[in-house]
Amino acid sequence: MSGDARRHAPAAARNREPILAVLREWLPAEGMVLEVASGTGEHAAHFAAALPQLVFQPSDPDPALLASIDAWAEDAANIRPALRLDAAAAEWPVGAVDAMLCINMIHIAPWSAAEGLVRGAAARLSAGAPLILYGPYRRGGAHTAPSNAEFDANLRSRNPAWGVRDLEAVAELAGSEGFGAPELREMPANNLMLRFVRA
Ligand SMILES: C[S@@+](CC[C@H](N)C(=O)[O-])C[C@H]1O[C@@H](n2cnc3c(N)ncnc32)[C@H](O)[C@@H]1O
């Protein structure tokens, strides 16, 4: 194992089981899952081991993370080599897929990344194929917990273009690209999972 390259994200270790439980319901029985913003690659490795009938295509725009993703995937037959993919870019280095997954990205990136994510999903998912998001969201114009408000303030202090997104704004954005209203799951630590499907 090239274990030295594997980076760890404590949050990923905490949230991977609750996310997996929802993915078991929401992902298709087989096919290719494109993960955008794979980060360390821990999630892809965990999900691929638990869902061997699926093939995972991890990606991230940060070249420093690609080696970590590939190191986590080293022993997995159903994880493709990581791609360098910026959701906001006009061109993506991947074609049609059967599902897309993006965990904890759209609040830690400018809104253009959310726009690009949804645009890219609309171009790659056929009718019935899901775009699945995980993260904190504001609902009805308000934070759902004081901890999310503090997190939002912290994000905005680090970069004014970042911040916890409004669920309604994300749903409207997805709707503008042909996705239906999201199915929602409330997750631990005041996070949500959203499942958008092309109409
Ligand atoms: C908080 S980390 C989450 C990583 C991983 N999904 C997880 O939950 O452990 C945010 C990730 O978003 C990625 N990211 C930032 N801007 C992006 C963009 N425009 N397109 C795709 N990924 C982006 C970063 O490189 C980073 O890996």
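Derivation of every value follows stated rules applied to the coordinates shown; laboratory data play no part. In this text, all values refer to a predicted model and were calculated from it rather than measured experimentally. Because the Cβ atoms are built from the backbone with ideal geometry, glycine has one as well, and the counts that use them run over all protein chains shown.
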Does segment 44-54 contain any residue that is crowded, with 20+ Cβ neighbours inside 10 Å, within 10 Å of the ligand (Cβ to nearest atom), in a helix (DSSP H, G or I) and not hydroxyl-bearing (Ser, Thr, Tyr)? yes
With respect to Ala89, is the statement that it is within 12 Å of the ligand (Cβ to nearest atom) and in a loop (DSSP other than H, G, I, E, B) true? yes
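Residue by residue, here is whether (1) closer than 22 Å to Trp26 by Cα; (2) hydrophobic (A, V, I, L, M, F, W, C); (3) touching a Leu at 6+ places or on another chain (Cβ under 8 Å) holds:
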position	(1), (2), (3)
His107	no, no, yes
Pro110	no, no, no
Glu115	no, no, yes
Ala123	yes, yes, no
Ala129	yes, yes, no
Asn148	no, no, no
Phe151	no, yes, no
Counting only residues that are assigned to a loop (DSSP other than H, G, I, E, B), surrounded by fewer than 17 Cβ atoms within 10 Å (Cβ to Cβ) and of a type in the set (Gly, Ala, Ser), which one in segment 95-127 is farthest from the ligand (Cβ to nearest atom)? Ala127
Within segment 182-199, restricting to residues that are touching a helix residue (DSSP H, G or I) at 6+ places or on another chain (Cβ under 6 Å) and surrounded by fewer than 20 Cβ atoms within 10 Å (Cβ to Cβ), the one that is nearest to Ile132 (Cα to Cα) is Arg185
Answer yes if at least one residue in segment 128-138 is surrounded by fewer than 16 Cβ atoms within 10 Å (Cβ to Cβ) and of a type outside the set (A, V, I, L, M), and no otherwise. yes
So which residues in segment 1-31 are among the aliphatic types (A, V, I, L, M) and in contact (Cβ under 8 Å) with a residue 24 or more places away in the chain, if there are any at all? Met1, Ala5, Ala9, Ala11, Ala12, Ala13, Ile19, Leu20, Val22, Leu23, Leu27, Ala29
For segment 22-36, does any single residue satisfy the condition of being buried (at least 19 other Cβ atoms within 10 Å of the Cβ), outside any helix (DSSP H, G or I) and not aliphatic (A, V, I, L, M)? yes
